[in-house]
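The values are calculated or read from the model by the stated rules, or taken from the named source; none is laboratory data. From a predicted model like this one, the values you see are computed outputs, not experimental measurements. Heads up, the Cβs are rebuilt from the backbone with ideal geometry, glycines too, and the neighbour counts pull from every protein chain shown.
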Amino acid sequence: MPKMRLDSGAAGQELIAELRSTLERAGELIRVVEANLQDKPESRDDAASSDERIGELERRLATAESDVKELASRLVDSEHQGGRLMNLYVATYQLHATLDPAEVQATIAEIAINLLGAEQFVLLLRRDEGEGCEIALFEGMYDGVVPPFDVETYTGGDPMVDVTLRDGVLRLGPTAESKALAAVPLRVQNEIVGVLVLLKLLDHKPILRAEDRDLLDLLSAHAASALFAARLFATKDRKLRTLESLVKLARGE
Amino acid sequence: MQPRKVLVVDDSKLMHKMYEVMLRQYALVYASDGRQALDRLQEHADIDLVLLDINMPNMNGLEFLAQLRSDGSRSELPVIIISTEGREEDTARGLEAGATAYIKKPFHSEEIIEVISRLDVKGSAA
């Protein structure tokens, strides 16, 4: 987990520093040997043997330097991978940390803003009764919701969003027909219950990166189930309270 | 000296969880806006680093920072702004207001770890 990642990262840094120091010492040693050889008069055999040793040391030094570079590169990769896993863990944890539908929606918004760097987005959820989707959430539209999402019930208008609502496949844009940067289907089991539409990223986040795809997939799989569970709980809780009130009334309490 | 107790000021529960996971080696204290953050500083005299969001209800990050810097006893406390406000003028405004460093969201955890590791809790990033 992240603590291990940080600890192993620190250990890796120390190892690389130690290897670098060893290499520097080896380099110094070679320089000393070379200086000594230049100072001392040698027989032809001694000189040949010394040249061989120096050659061998230099080859080992080159190999060790290459190993250090490789290790440093792997360390950077593993730190990056650790960061990606941490984002996924935190997003999943927080989506399922509550049974309050408003809090789940707030978490979806926080993931979009803080982890994906989205500035403008809308969350469409299929209505329980009737056609179309409600605009459950919109963000970053200070002059009003942008078309075609500026309606109470979305029944269509953005081709990329419409096809994602039909087939449940995550799509990245923009395309010739759609300004959306991503249409993320929200699935509960095999049913498409909505779509998160990313419309604009923050200025300092010019494009969605490869690692963002993991987060989009996670939202697709977990956001809807978290929202579905929270809504179900809220409905049951409301019904339970109504029944309890009726029982109290019947008892004359 | 490295910081030991860190005040996280952010109105996002997701970010609170993120810092909890990322900064396990530090004791963390949380606040959801600038006013709460001022209260936490009163309650925890040993806080030696603040991670500060800007867009928050009640009292935003820059207002909090102005109050903090006007308080003689806490004027040297290191503050790292971590915000989605990423334009150059936002960064300049944050640093002029007295922030020690400015990190843009979304961030890689290594960035924050690195900035904290370079911090001198008496004042600024080394």
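So, B:F107, is that one surrounded by fewer than 21 Cβ atoms within 10 Å (Cβ to Cβ), in contact (Cβ under 8 Å) with a residue 12 or more places away in the chain and closer than 21 Å to B:K13 by Cβ or not?
Taking the combined requirement at face value, the residue satisfies it.
In the stretch A:182-208, what residues are of a type in the set (A, V, I, L, M) and without any contact (Cβ under 8 Å) to a residue 60 or more places away in the chain?
The answer is A:A182, A:A183, A:V184, A:V188, A:I207.
Under the condition of being without any contact (Cβ under 8 Å) to a residue 60 or more places away in the chain and of a type outside the set (S, T, N, Q), which residue from the stretch A:209-228 is farthest from B:E85 (Cα to Cα)?
A:F228
Looking at the structure I just gave you, is A:L99 out of contact with any Leu (no Cβ under 6 Å at 6 or more places or on another chain), surrounded by 20 or more Cβ atoms within 10 Å (Cβ to Cβ) and among the hydrophobic types (A, V, I, L, M, F, W, C)?
no
Listed residues A:A64, A:A26, A:A91; which is surrounded by 12 or more Cβ atoms within 10 Å (Cβ to Cβ) and more than 30 Å from B:I113 (Cβ to Cβ)? Explain how you work it out, then say what you get.
Numbers: A:A64 fails: more than 30 Å from B:I113 (Cβ to Cβ); A:A91 fails: more than 30 Å from B:I113 (Cβ to Cβ).
Unique residue meeting the criteria: A:A26.
So which of A:L198, A:L219, A:L202, A:L227 is surrounded by 14 or more Cβ atoms within 10 Å (Cβ to Cβ), over 18 Å from A:C133 (Cβ atoms) and in the same structural domain as A:R127 (by TED's automatic domain parsing)? Explain how you work it out, then say what you get.
Details: A:L198 fails: over 18 Å from A:C133 (Cβ atoms); A:L219 fails: over 18 Å from A:C133 (Cβ atoms); A:L227 fails: over 18 Å from A:C133 (Cβ atoms).
Result of the check over A:L198, A:L219, A:L202, A:L227: A:L202.
What's the number of the condition B:A27 fails, among (1) closer than 14 Å to B:P78 by Cα; (2) surrounded by fewer than 16 Cβ atoms within 10 Å (Cβ to Cβ)?
(1)
Any residue in the stretch A:86-101 that is within 11 Å of chain B (Cβ to nearest Cβ) sitting within a Cβ distance under 7 Å of a residue that is in a helix (DSSP H, G or I) and of a type in the set (K, R)? List the pairs, counting only those 6 or more apart or interchain.
Listed pairs, sorted by first residue: A:V90/B:K17; A:Y93/B:K17; A:Q94/B:K13; A:Q94/B:K17.
Return a yes/no flag: does the stretch A:189-207 have any residue that is in a helix (DSSP H, G or I) and within 14 Å of chain B (Cβ to nearest Cβ).
Looking for residues that are in a helix (DSSP H, G or I) and within 14 Å of chain B (Cβ to nearest Cβ), one finds none in the stretch A:189-207, hence no.
Out of the residues in the stretch A:155-193 meeting the condition of being in contact with a helix residue (DSSP H, G or I) (Cβ under 8 Å, 6 or more places away or on another chain) and under 12 Å from A:R126 (Cβ atoms), tell me which one is surrounded by the most Cβ atoms within 10 Å (Cβ to Cβ).
Residue satisfying both the conditions and the ranking: A:L186.
Any residue that is touching a Lys or Arg at 6+ places or on another chain (Cβ under 8 Å) and farther than 19 Å from B:K105 by Cβ - is there at least one of those in the stretch A:210-220?
yes
Sort out which residues of the stretch A:45-83 are closer than 17 Å to A:E24 by Cα, of a type in the set (D, E, K, R) and within 14 Å of another protein chain (Cβ to nearest Cβ), and write them in order of number.
Selection gives nothing.
Kindly indicate whether A:D162 is assigned to a helix (DSSP H, G or I), more than 14 Å from chain B (Cβ to nearest Cβ) and more than 24 Å from the chain's Cα centre (by Cα).
yes
Can you name every residue in the stretch A:102-123 that is part of a strand (DSSP E or B) and either more than 10 Å from chain B (Cβ to nearest Cβ) or farther than 20 Å from A:A210 by Cα (or both)?
Across the stretch A:102-123, the qualifying residues are A:Q120, A:F121, A:V122, A:L123.
Going by what's in this entry, would A:V184 be described as among the β-branched types (V, I, T), modelled with pLDDT of 95 or more, within 17 Å of A:E110 (Cβ to Cβ) and not in a helix (DSSP H, G or I)?
yes
Take the stretch B:66-79 and flag every residue that is closer than 17 Å to B:P3 by Cβ and among the hydrophobic types (A, V, I, L, M, F, W, C).
B:L68, B:L77, B:V79
Can you give me the ranges of the strands (runs of 3 or more DSSP E) entirely in the stretch B:21-126 with at least 2 residues that are at pLDDT 90 or above, closer than 30 Å to A:L201 by Cα and within 14 Å of another protein chain (Cβ to nearest Cβ)?
B:79-83, B:101-104
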